[in-house]
Amino acid sequence: MLVTLRRIVQEVNAARDLEQASSIIVSRVKQAMSVDVCSIYLFDQGAQQYILMASDGLNPESIGVVRFKQGEGLASLVGETEELLNLDNAPDHPRYRFIAETGEVSFHGFLGVPIIHRRQVMGVLVVRQRSKRRFDEDEVAFLLTIAAQMAGAIAHADARGEIQDFTETPAGKNNRPIVALSGAPGVGIGTAVVIYPLADLDAVPHRKTRDTATEILALEQALEAARTNIKALEASIHPELGAESRALFEAYLLMLNSDTLIEKTIERIRMGDWAPGAWRDTINEQAQLFESMDDPYLRERADDVRDLGRRILAHLQNETRRQPDYPQKTILVGEDISATMLAEVPRERLAGVVSARGSSSSHVAILAHAMGVPAVVGAGELPVARVDGCELVVDGYRGRVFVSPSQAVRDEYTRLAREEEELVAGLEGLRELPSETPDGVHLPLYANTGLLSDLAPSIDSGAEGIGLYRTEFPFMIRDRFPGEEEQRAIYREVLERFAPRAVTLRTLDVGGDKALSYFPIDEENPFLGWRGIRITLDHPEIFLVQLRAMMRASVGLNNLHLLLPMVSNVAEVDRALQLIGRAHHELIDGGEQVLMPQVGIMVEVPSVIYQIEVLAARVDFFSVGTNDLTQYLLAVDRNNPRVATLYDALHPAVLRALLQIVAGAHVMGKPVSVCGEMAGDPVAALLLLGMGVDGLSMSAASMPRVKSVIRNFTSGDAREILEQALQYDGATAIREYLEQTLEQQGLGGLVRAGK
Ligand code: PEP
Ligand code: MG
């Protein structure tokens, strides 16, 4: 059964659409389990009904016609209870209902399992037998596994609007969004441009072409290039190769000349597919053919087909990979959008970002935030490869994406986007006004930055300085470590543009989800591994260069504050201070007029909370990195969409940790600011004001909204609101309460789309 299962899974994965996936499942399951019927019922959320979506064994006419209301029939019972139901004689069960349209005679054996995706019942998978039959444990396990597979296929189809076609809601087009996470606030409407990794067959997006001649030519050139390449490979290492390896090269060449592969691909191109998409489908089809063979040797050949497929694809992508034509309003879409991918799109064309991976505090979200681009992350349900060229609506406030939206959805979001522009224009006037509560408490707002190109918005935002300059970005966009002089010039520009205001430069914080292509770190658990100060202390040669560059950049300006990331114990701080002192001395000895900067640490590892006083005796200030602090306190990976709903900086435990940090630091007379994404969230900023933090650092785009909150609540109001918030026992209730509070103050537009 294991082999059968693997084959079904492969076939379902390769299915064109939900209809094909369902019909594969019903017929294969019926055969594998030797049952009389296998059916899939789809749950129609709108009508709260189960619809017969596919069946092998029931009357085909009844597909799409037979429906069970909740509370009616056995299939819906399985859905309601979210539990499997195994009955040897179904008619005995009180919920049994006889349906004539299905051509049902008397079925007795019944096994139904729910199809559940992320806690939601998507449908029910049922097998039935004429005779009495109790299904054994292996059979139950088999059906449960198939149902889990089906869940993903249904969720993807739902995201594409296919389910709606099936359930025949009148809207025709998509009114149902993909529910994901907010990456950066704002509303974006535009055309999807899918960015995908190269030489990966599964990642090739579906794209149509009219220029079949060019696509066919590209295919032929790629095939020719691959032939030459393989022949050259074979010739160069021929003597050392055993007969078996030689046979492999020969087999590759044979496949490359095979009419099946080439003709089928050309046929697909003629039907309107672009060459990489046509090639992917042909390779998948061939590979599956081998996979379905009983002979293990022939089955193994499927891997060769896929390997060859990838090789040709790489050539093909050389032929067809042009700089994408970014439409006027581009929505950048990808499985995992990186900082460099974002930077490639001309800013004026970028209307939104959607990443299947990531969460609100992952770096793509932070960067989109900094650029003021609406972003949705953790959109795992989005069928990335199929949305290229589709119209998308991105709601960065609520983390929603609409694919090919209906006119009604488009109109509504166009209106919200317009209102938002008005709101932002209205907030413009705040720039020159102080960040002060009505009772005169000044809470300075600083900017988070890390790319030279986004210094301008930070300066224009009225920020009182830079609260966090992530130095890793200049490291990430290069192909080697930047040298001391190169770094000095970058830091100088920031320090100079902001002088005399303070600029906090954070030392290199790579590791975790921030990789340097030229310094690979391969770890099982990167967020608990070698990152931040752990790396720089192990590599004083890198650390000292950076420290010297920072201090030299500050000569004559003296507005440098130095911030150490990922500190988890006192010894790290002592060692870092020693190295900072050494760099300072070396520079003085070399005749440079450098002053010792203020030194602070990030509070982002929970251990620091409990040693805040002893650390306060060593450093000048604290900056709380709530992005990591939340992830470590709640044990939730900040990039994992599966657990992203558990990730919320408004969790009462995070709030209490913050209170403890502020109290401990203040006892020692040391200031605490917050530089995680939480500081830029208007509702959270209200709580931080109530806690008495000394500064908030955020992206320039968040600043007007946060300032608006500060100017509308007295410090006394904020303390009371904080007290009240702490009465709730979960983040969701706290957020609701805070949003209501803003709404009552007429500031609801700061945290949702519209005014
Ligand atoms: C944080 O962890 O909150 C933080 C500001 O640092 P980063 O997001 O760069 O890890
Ligand atoms: Mg951090």
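The values are calculated or read from the model by the stated rules, or taken from the named source; none is laboratory data. Keep in mind that this is a model prediction, so the values were computed, not measured. Quick reminder, even Gly has a Cβ in these numbers, built from the backbone with ideal geometry, and neighbours come from all protein chains shown. These area figures cover heavy atoms from the full protein model, side chains too; ligands, DNA and RNA do not enter into them. Shrake-Rupley method; radii C 1.70, N 1.55, O 1.52, S 1.80 Å.
Observations, loosely collected:
- Verdict on PRO324 being out of contact with any Gly (no Cβ under 7 Å at 6 or more places or on another chain), modelled with pLDDT under 75 and either in a helix (DSSP H, G or I) or not basic (Lys, Arg) (or both): yes
- The set of residues in region 639-664 that are polar (S, T, N, Q) and within 13 Å of ligand 1 (Cβ to nearest atom) contains only ASN639.
- Residues (open to solvent by 40 Å² or more (accessible area, probe 1.4 Å) and within 30 Å of PHE249 (Cβ to Cβ)) located in region 200-213: ASP200, ASP202
- Any hit, region 258-270, residues being in contact with a Leu (Cβ under 8 Å, 6 or more places away or on another chain), at pLDDT below 85, surrounded by fewer than 18 Cβ atoms within 10 Å (Cβ to Cβ) and assigned by TED's automatic domain parsing to the domain that holds ASP211: no
- So VAL636, is it within 30 Å of GLN120 (Cα to Cα) and either away from ligand 1 (no atom under 16 Å from the Cβ) or assigned by TED's automatic domain parsing to the domain that holds LEU382 (or both): no
- Unique residue being at pLDDT 80 or above and part of a helix (DSSP H, G or I) when the list is ALA153, ALA157, ALA192, ALA141: ALA141
- Residue list for region 606-628, restricted to those being touching a Gly at 6+ places or on another chain (Cβ under 9 Å), within 16 Å of ligand 2 (Cβ to nearest atom) and under 15 Å from ASN569 (Cα atoms): ILE609, PHE622
- Count - residues of region 637-654 that are open to solvent by less than 50 Å² (accessible area, probe 1.4 Å), among the aliphatic types (A, V, I, L, M) and modelled with pLDDT under 95: 2
- The residues of region 630-644 that are within 16 Å of ligand 2 (Cβ to nearest atom), β-branched (Val, Ile, Thr) and assigned to a helix (DSSP H, G or I) amount to a single one, THR630.
- Per-region count, region 263-277, residues in a helix (DSSP H, G or I) and either under 28 Å from the mean Cα position of the chain (by Cα) or closer than 16 Å to ASP200 by Cβ (or both): 3
- Qualifying position, being surrounded by 12 or more Cβ atoms within 10 Å (Cβ to Cβ), in contact with a strand residue (DSSP E or B) (Cβ under 9 Å, 6 or more places away or on another chain) and at pLDDT 75 or above, among ASP281, ASP304: ASP281
- CYS38 passes every criterion in (1) under 34 Å from the mean Cα position of the chain (by Cα); (2) touching a residue at least 60 places away in the same chain (Cβ under 8 Å) apart from (1).
- From the list ALA463, ALA447, ALA456, the one residue that fits, being at pLDDT below 85 and either within 18 Å of PRO565 (Cβ to Cβ) or within 31 Å of the chain's Cα centre (by Cα) (or both), is ALA456.
- Checking CYS675 against (1) within 16 Å of ligand 2 (Cβ to nearest atom); (2) surrounded by fewer than 21 Cβ atoms within 10 Å (Cβ to Cβ), the condition it does not meet: (2)
- Screening region 362-377 for residues that are more than 13 Å from GLY399 (Cα to Cα) and under 14 Å from the mean Cα position of the chain (by Cα) and picking the one that is farthest from ligand 1 (Cβ to nearest atom) gives ALA368.
- Qualifying positions in region 479-526 - within 16 Å of ligand 1 (Cβ to nearest atom), farther than 18 Å from SER697 by Cβ, in contact with a Phe, Trp or Tyr (Cβ under 8 Å, 6 or more places away or on another chain) and not β-branched (Val, Ile, Thr): LEU508, GLY511, GLY512, ASP513, LEU516
- Total residues in region 553-606, condition polar (S, T, N, Q) and in contact with a Phe, Trp or Tyr (Cβ under 9 Å, 6 or more places away or on another chain): 3
- Hits in region 451-489 (condition: under 26 Å from PRO671 (Cα atoms) and touching a Pro at 6+ places or on another chain (Cβ under 8 Å)): SER461, GLU464, GLY465
- When ALA287, ALA343, ALA251 are screened for being more than 20 Å from THR212 (Cβ to Cβ) and open to solvent by less than 30 Å² (accessible area, probe 1.4 Å), only ALA287 passes.
- Residues that are surrounded by 17 or more Cβ atoms within 10 Å (Cβ to Cβ) and within 16 Å of ligand 2 (Cβ to nearest atom) were ranked within region 528-548; the one that is nearest to HIS584 (Cα to Cα) is THR536.
- Within region 665-680, restricting attention to residues that are in contact (Cβ under 8 Å) with a residue 60 or more places away in the chain and assigned to a loop (DSSP other than H, G, I, E, B), the residue that is nearest to ligand 1 (Cβ to nearest atom) is GLY676.
- A single member of ARG478, ARG497 is open to solvent by 10 Å² or more (accessible area, probe 1.4 Å) and within 21 Å of VAL555 (Cβ to Cβ), and it is ARG497.
- Within region 527-542, if we keep just the residues that are touching a helix residue (DSSP H, G or I) at 6+ places or on another chain (Cβ under 7 Å) and more than 27 Å from THR630 (Cα to Cα), the residue that is nearest to ligand 1 (Cβ to nearest atom) turns out to be ILE542.
- Taking the criterion of being open to solvent by 10 Å² or more (accessible area, probe 1.4 Å), within 16 Å of ligand 1 (Cβ to nearest atom) and of a type outside the set (A, V, I, L, M), the residues of region 579-613 that qualify are PRO606, SER607.
- For region 712-755, a residue qualifies if it is β-branched (Val, Ile, Thr), within 29 Å of the chain's Cα centre (by Cα) and closer than 21 Å to SER702 by Cβ, and the qualifying residues are ILE734, VAL751.
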